[in-house]
Amino acid sequence: MRDVRQEGDAAVHRYNAGLDGVRVEAPLEVSPSEIEAAYSFVDRDLVDALRQAARRIQVFHEQQLTHSARTFEESGVGQIVRPLSRVGVYVPGTKVIYPSTVLMTAVPARVAGVHDLVIATPAVEDGSVAPLKLVAADIAGVDRVFRAGGVQGVAAMAYGTESIPKVDKICGPGNIFVTLAKKKLYGEVGIDGIFGPSETLVLADRDAQPNLVAADMLAGAEHDELATALLITDSRELADAVSSHIEARLGSLSRSEVARASLEARGGAVVVGTLDEALELANEFAPEHLCLHVQDMDGALNRVTNAGCAFAGDRSVESIGDYTAGPSHVMPTGGSAAFASPLGVHDFLKVTSVVKLDQATVDDIGPAAAAIARAEGLIGHAEAVESRLHRKPAR
């Protein structure tokens, strides 16, 4: 980070080569012609799927914008809501490509009205960026894409270099190095959150279908060896059945070794006496993903207080939430759902408070303000208020 701040592009190129193995010193910015050419390397049906996902994500966040962030003025006070000017999205991955992460971060920023949206992402040895990433960035309305992975990419967006513009906020997940860089940069640039490995908690009653519970846990476990996939249930019989389904299906996954490592280290089932106890435990754990496989789904949902996203009913599969449901899949982890929220339009908006008082309101609330100021020994504050009063207070 120090090197990027002092040397700019030269340091980014050096670390692209040293850390990511990029052997060709191509320009850091991906050209429009490269992005256009990327479409020829991506299956047309997959392009259509990305466009459908982008539409769903856009519609959800437009609704979120309508309901949660507005400019208003009432009784002489209010707020002005404005989008951030420039946002940087970090998109990880060279071996595993995540076009969904591009959509889930860039589309909400666009809906919020961000004027300038850039991406930093690692390149491979020949300097190219995965076509699937470039197509997703184009569909999401990203303005510029830069070949800058890991810490050097995050630092370049935070500080600005000759090629990469300084941003107001950095969003998106990454490995432990990216996460630590974001943590160190907090305060110098806006940061969306500190994200750890994925978490899936399935809460199921005795009537749940064990094959579907197992499918959700396997999907959660295949993310990462450090991912967490847990079951809380009021039925030992269901827990045993789920375990059997997991073992039977585990070997068929392309990432079976990853999923097995996750389940052996952080997986398991907790059998409780009642669903009330299960919900208490779930809220205490505050998972990123909470899957509700229960008959009284609405009743359970009403009691959820801590979760990044609640998937209500076994049809509301978490894996659809990862791609095409609409809400962003960038969510709080590590128990931070107790105080943090999923990425959304609010992450790309800022509020300016407005005080616009008429004389009657000043005369009504001014004397109290002056009295408090005098009690704090701030006479200048008090006199500034009193000079605006229609009827000056008696000394």
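The values are calculated or read from the model by the stated rules, or taken from the named source; none is laboratory data. No experiment lies behind these values; they were computed from the predicted model shown. Neighbour counts are summed over all protein chains in view; Cβ atoms, including those assigned to glycine, are modelled from backbone coordinates with ideal geometry.
For this structure, a couple of remarks:
- Considering the conditions (1) farther than 30 Å from Asp45 by Cβ; (2) in contact with a His (Cβ under 8 Å, 6 or more places away or on another chain), Val111 is excluded by exactly one of them, (1).
- Residues that are among the small types (Gly, Ala, Ser) and under 44 Å from the mean Cα position of the chain (by Cα) occur at least once in the range 370-377.
- Where Ala261 falls short, out of the listed (1) hydrophobic (A, V, I, L, M, F, W, C); (2) over 21 Å from Met331 (Cα atoms); (3) surrounded by 22 or more Cβ atoms within 10 Å (Cβ to Cβ): (3)
- Among the residues examined, Ala37 qualifies as farther than 15 Å from Gly141 by Cα, exposed (fewer than 15 other Cβ atoms within 10 Å of the Cβ) and among the aliphatic types (A, V, I, L, M).
Yes/no matrix, rows are residues, columns are (1) free of Cβ contacts under 8 Å to residues at least 24 places away in the same chain; (2) closer than 27 Å to Asp168 by Cα; (3) not in a strand (DSSP E or B):
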residue	(1), (2), (3)
His13	yes, yes, yes
Asn16	no, yes, yes
Arg23	no, no, yes
Glu34	no, yes, yes
Ala38	no, no, yes
Val47	no, no, yes
Ile57	no, yes, yes
Gln63	yes, yes, yes
Arg70	yes, yes, yes
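- Val89, sole failed condition from (1) of a type in the set (A, V, I, L, M); (2) farther than 29 Å from Gly8 by Cα; (3) within 17 Å of the chain's Cα centre (by Cα): (2)
- The one condition from (1) under 17 Å from Ile164 (Cα atoms); (2) surrounded by fewer than 24 Cβ atoms within 10 Å (Cβ to Cβ) that Arg147 does not meet is (2).
- Cβ pairs under 9 Å, 6+ apart, first in the range 343-367 and on the phi < 0 side of the Ramachandran plot and in a helix (DSSP H, G or I), second among the basic types (Lys, Arg) and surrounded by fewer than 16 Cβ atoms within 10 Å (Cβ to Cβ): Gln359/Arg388; Val362/Arg388; Asp363/Arg388; Asp363/Arg391; Gly366/Arg388
- Residue within the range 346-365 that is exposed (fewer than 14 other Cβ atoms within 10 Å of the Cβ), aromatic (Phe, Trp, Tyr) and either touching an Asp or Glu at 6+ places or on another chain (Cβ under 6 Å) or under 22 Å from Ile194 (Cβ atoms) (or both) present: no
- Candidate set from the range 92-114 (those that are closer than 20 Å to Thr179 by Cα and in contact with a Gly (Cβ under 6 Å, 6 or more places away or on another chain)); member that is modelled with the lowest pLDDT: Pro92
- Candidates Val142, Val151: the one that is more than 12 Å from Val91 (Cβ to Cβ) and in the same structural domain as Glu36 (by TED's automatic domain parsing) is Val151.
For (1) crowded, with 19+ Cβ neighbours inside 10 Å; (2) at pLDDT 90 or above; (3) not assigned by TED's automatic domain parsing to the domain that holds Ala310, each residue gets a yes or a no:
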| residue | (1), (2), (3) |
| --- | --- |
| Ala155 | yes, yes, yes |
| Ala158 | yes, yes, yes |
| Ile164 | yes, yes, yes |
| Lys169 | yes, yes, yes |
| Gly172 | yes, yes, yes |
| Lys184 | no, yes, yes |
| Ala204 | yes, yes, no |
| Asp207 | no, yes, no |
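- Scanning the range 278-320 for residues that are in contact with a His (Cβ under 8 Å, 6 or more places away or on another chain), surrounded by 22 or more Cβ atoms within 10 Å (Cβ to Cβ) and within 13 Å of Ala204 (Cα to Cα) returns a single hit, Phe311.
- Selection status of Ala325, part of a helix (DSSP H, G or I) and either under 30 Å from Ala239 (Cβ atoms) or free of Cβ contacts under 8 Å to residues at least 40 places away in the same chain (or both): no
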